[in-house]
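Below is one structure, written out as structure tokens; the observations come after it.
The values are calculated or read from the model by the stated rules, or taken from the named source; none is laboratory data. Only a predicted model underlies this, so the values are computations on that prediction, with no experimental measurement involved. Every residue, glycine among them, receives a Cβ derived from its backbone with ideal geometry; neighbour counts consider all protein chains shown. Heavy atoms of the whole protein, side chains included, go into the accessibility calculation; ligands, DNA and RNA do not. Shrake-Rupley method; radii C 1.70, N 1.55, O 1.52, S 1.80 Å.
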Amino acid sequence: MSNTVDRRAFLKSSALLGGGLVIGFRVADAETIAGAAAIAADFAPSGYLRIGTDSIVTIFADHVELGQGIMTALPMIVAEELDADWTKVRVERMPDNPSVWPRRIMTVGSQSVRTSYMPMRMAGAAAREVLVTAAANMWKVKAAECRTENGYVLHSASGRKASYGELATAASQLPLREGSPLKDPKDFRIIGTRRARVDLPAKVNGSAQFGIDVRLPGMLIATVVRPPVLGGKVKSFDATAAKAVPGVKHVLQFASGIAVLATDTWSALQGRKALVVEWNDGANGALSSADIRKSFTDLLLSEAIVATKRGDTAAAMQAASSPITVDYELPFAAHATMEPMNCTAHVRADGADVWAPTQSPTNFQMLAASLAGVSPSTVKLHVTMVGGGFGRRARSEVLVDAVVLSKLSGAPVKVMWTREDDMLHSPYRPFGLHRMSGAVDADGWPTAWTHRIVSQHALGASDTYAGASNLPYSIPNVLVDYVTATSPVEVAAWRSVGHSQTGFVVESFIDELAAAGKKDPVDLRRKLLANAPRYLGVLNLAVSKSDWGKPMPAGSGRGIAVHSMTGSYVAQIAEVTVTGNVIKVNRVICAVDCGVVINPDTLAAQMEGSIVYGLTCALKNEITVKAGQVEQSNFNTYPMLRLSESPRVEVYTVPSGEAPGGIGEPGVPPIAAAVANAVFAATGQRLRKLPFRVG
């Protein structure tokens, strides 16, 4: 998705609503514009800013609130350029018809603010200029003599002022001018300030509706039994006992497995327990994690596809006196969203309604229409609050269950995945093997770097080597290549996708080269990042906020890591203590350059959350396979980081006028490396396999 917008298309996509001013802020083709105009008559505009006669400013956001704060950040951007009164700004989701939305929406890749920043600034600026013109016309003065402030247009010479609400109707009759001037960032009064999250009150008082909260008249609850072995199938089943459970209405076999539909969740689960199923395990009945690891290890010596090449690594390695070759390993990992997977669907002959906590509204609507056999325009997708995404809710398995079962049963159906369902049958972050080789010269500076990746692709090859192919360090000879692996384990994008692996591997191995050359890890990075100013900026800020170089007690150490993704740059310093085989992360210093910061409070929260998410995986989690089955089924076998185990996190920001970068994911990739490097400083042991084991 592009973060640019054509001004002419932007102006053409504007529409007027009676009783207020509505400004379009998304690019749209002629067909989409017509759709937007049609729904505008129903006061449900898609992709618009509305200013009412009551001075209430309403932003219609097309991205999904996943807990990342965009329902606060997006209004802040518009309100800044509009010079609105923040207390009168409201935000709503777009109407429930993605087929007429101005673009395909997927809230992934930390894109929400990045792709909306300029379009929303333009929306606010265009509206502000029209309001000034309306006031100038009313007062019969020049527009240049007027200014805006906190929801008012003012004429200083005469002392007159008018609220935006008083001007809304008149402004709605005026044309928009192409190229409305944007504010100078030095004049920002909303962007860059801490604002309370607008969604917090509803979450605290319980009025927020998550997908799991949906209730409909006549709704059935469905739970699905799936094959325990990867790739297995139903051989036969006996539903007699299940159907005898009070409340159970249907037992249906379909492509995903066997569903029990009941009037309530308890009855559905009891009916499921009563099912008697015989499974055909297929070819994977004896599969183990060791088998998968061996097949990936064998591929390390296969022909690879080059992602990045500069210099002659083979010659540099041959000339080196003591080249280093080591392997890093990362396990399959579950998303472990707090809200279990769920979706509700009501399929009818004339269309369908779907309630989903989804990251992919457009894709969900299109797929629901295809499964239901109806036109996409007749599918209303109700995007609920989302209890954690991390990439998992871009997947459609639960949608397929809900739509198919509603169509088969003729009733509205809410499909509930238990924690065990999701942990055992989810697509996971890929398993990855990384072979690293490098060398340093007589002065201790790196001369060669090779990085071979063997992994399944969660999205595509470029996502697998992202964070490795763009190595920021000035090493003269570099080769990064990859081999595509396969396994019966289904994989998917996991928070920060390939960066979650390459961030750990690259930043751990650069520390290994620093040790080989007898260099301080910070000094080495500073020299090699001399031509990468934004990397260097976060590195220096993190170091300045730490006690780097100061001795620590025995068994304690500091480690550093630097990484970039989604237009943002992050450096993290971890301070750890190792006691026996236990790693305790005491403190994490996190320096961020994400360009213009919209809401500092959200930035800090995202970095803190990313660090805890990444630490949990580094210290505790892996998905393993035995006898063809995933072994981890709930938080007792796939534990989360406890509050008592969580470090103190300090977040610092590099002042920047660059365009905003994403902040939902960039805090994840460096943390495992920072901890591993700290453990080496504390104990001399290198940790090259997740989850970490010391001793």
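Quick one: net charge of PRO427's neighbours, Cβ under 15 Å, K/R +1, D/E -1? Its environment carries a net charge of 0. At an R0 of 60 angstrom, the distance between the Cβ atoms of THR486 and LYS142 translates into a FRET efficiency of 0.30.
Annotation for ALA554 and ARG693: the two label points, set 7 Å from Cα along the Cα-Cβ direction, are 2.7 nm apart.
Within the set LYS249/LYS273; LYS273/LYS407; LYS380/LYS414; LYS620/LYS689, which residue pairs have Cα atoms separated by over 18 Å? In this structure, LYS273/LYS407 exceed 18 Å between Cα atoms.
Between amide H atoms placed 1.01 Å from N, distances below 5 Å from SER568 occur with GLY662, all of them 5 or more places distant or on a separate chain.
Overall shape of region 559-645 was characterised from the C-alpha gyration tensor. The equivalent ellipsoid obtained from it has semi-axes of 29, 18, 12 Å, in decreasing order.
The alpha carbons of region 270-401 occupy a box of 72, 42, 28 Å along the principal axes, longest dimension given first. Share of carbon and sulfur in the accessible area of the chain stands at 53%, probe radius 1.4 Å. Annotation: per residue accessible area for region 649-695 equals 34 Å², rounded to a whole number [probe 1.4 Å, protein chains only]. Placing a label point 7 Å from the Cα of ARG90 along the Cα-to-Cβ line, the residues of region 55-71 whose backbone N sits under 14 Å from it are 55-61.
Within the same chain, aspartates and glutamates fewer than 8 places from LYS142 are excluded, and of the rest, those with a Cα less than 16 Å from its Cα are GLU129.
Remark: the GLN253-ASP238 segment gains 4.3 nm on full extension, using 0.36 nm per residue and subtracting the alpha carbon distance.
Taking every pair of alpha-carbon atoms in region 145-237, what share in percent sits in each 5 Å bin, from 0 to the bin with the longest distance? Going out from 0 Å in 5 Å bins, region 145-237 shows 2, 7, 8, 10, 10, 9, 9, 8, 8, 5, 6, 5, 5, 4, 2, 1, 0, 0 percent.
The value given for region 417-488 is a Kirkwood hydrodynamic radius of 14.5 Å, derived from the mean inverse Cα-Cα separation.
Over region 177-305, the Kirkwood radius and the radius of gyration, each from Cα atoms, give a ratio Rg/Rh of 1.28. According to the calculation over all Cα-Cα pairs in region 110-165, the P(r) per 5 Å bin from zero is 4, 20, 26, 16, 11, 9, 7, 4, 2, 0 %. Peptides 223-235, 59-71 ranked from most to least packed give 59-71, 223-235, packing being the mean of other C-beta atoms within 10 angstrom over each peptide's residues.
In this entry, region 217-268 is assigned a mean projected area of 4.0 nm², taken as a quarter of its C-alpha convex hull surface. A 1.4 Å probe run over region 427-476, with the rest of the protein chains in place, finds 28 Å² accessible per residue. Net charge of the neighbourhood of GLY247, taken over other residues with C-beta under 15 Å away and scored Lys/Arg +1, Asp/Glu -1, is +4. Bridge orientation summary for the chain: considering DSSP beta bridges with both residues in this region, about 75 percent are antiparallel. The relative contact order of region 198-270, computed from alpha carbon pairs under 8 Å that lie at least 6 residues apart in sequence, is 32 percent. Averaging 1/r over each pair of different alpha-carbon atoms in region 551-695 and inverting the result gives 16.0 Å, the Kirkwood hydrodynamic radius.
Computed from point charges on the beta carbon alone (+1 for Lys and Arg, -1 for Asp and Glu), the dipole magnitude for region 256-350 about its Cα centre is near 120 Debye. SER455 contributes an accessible area of around 0 Å² to the protein surface, as traced by a 1.4 Å probe with all chains present.
Across region 502-519, computed HN-Hα scalar couplings (Karplus, 6.51 cos²θ - 1.76 cosθ + 1.60, θ = phi - 60°) run 5, x, 5, 5, 4, 6, 6, 6, 5, 5, 5, 5, 4, 5, 5, x, 6, 10 Hz from first to last residue, x flagging Gly and Pro. Once all protein chains are placed together, VAL651 keeps about 40 Å² accessible to a 1.4 angstrom probe. Report for region 238-383 the percent antiparallel among DSSP-assigned beta bridges with both residues inside it, nearest 5. Roughly 70 percent of the beta bridges in region 238-383 run antiparallel, per DSSP. Near the amide H of PHE254, within less than 5 Å, lie the amide hydrogens of ALA259, all on another chain or at least 5 residues away, with H placed in the peptide plane. Each Lys and Arg adds +1 at its Cβ and each Asp and Glu adds -1 at its Cβ; summed about the Cα centre, the chain shows a dipole of about 560 debye. When both bridge partners sit in region 565-695, DSSP labels roughly 70% of those beta bridges antiparallel. Tell me the mean residue ellipticity at 222 nm calculated for the chain from its helices only (DSSP H runs of n ≥ 4, each -39500 (n - 2.57), averaged over every residue, nearest 500). So the calculated ellipticity at 222 nm is -9500 deg cm²/dmol. Neighbours of ILE453, meaning other residues whose beta-carbon lies under 9 angstrom from its beta-carbon, give a summed charge of +1 when Lys and Arg score +1 and Asp and Glu score -1. What residue among ALA143, ALA352, MET94 has its Cα farthest toward the positive end of the dipole of the chain, where the charges are +1 on Lys, Arg and -1 on Asp, Glu, each on the Cβ? It is ALA143.
Heavy-atom accessible surface of region 140-228, averaged per residue, reaches 57 Å², computed with a 1.4 Å probe.
Model label points for LYS545 and SER370, set 7 angstrom from Cα along the Cα-to-Cβ axis, are 4.5 nm apart. Modelled spin labels at LEU200 and THR325, positioned 7 Å past Cα toward Cβ, are 5.5 nm from each other. Residues ARG90, ARG128, ARG525, sorted by accessible area with the largest first, give ARG90, ARG128, ARG525 [1.4 Å probe; ligands and nucleic acids excluded].
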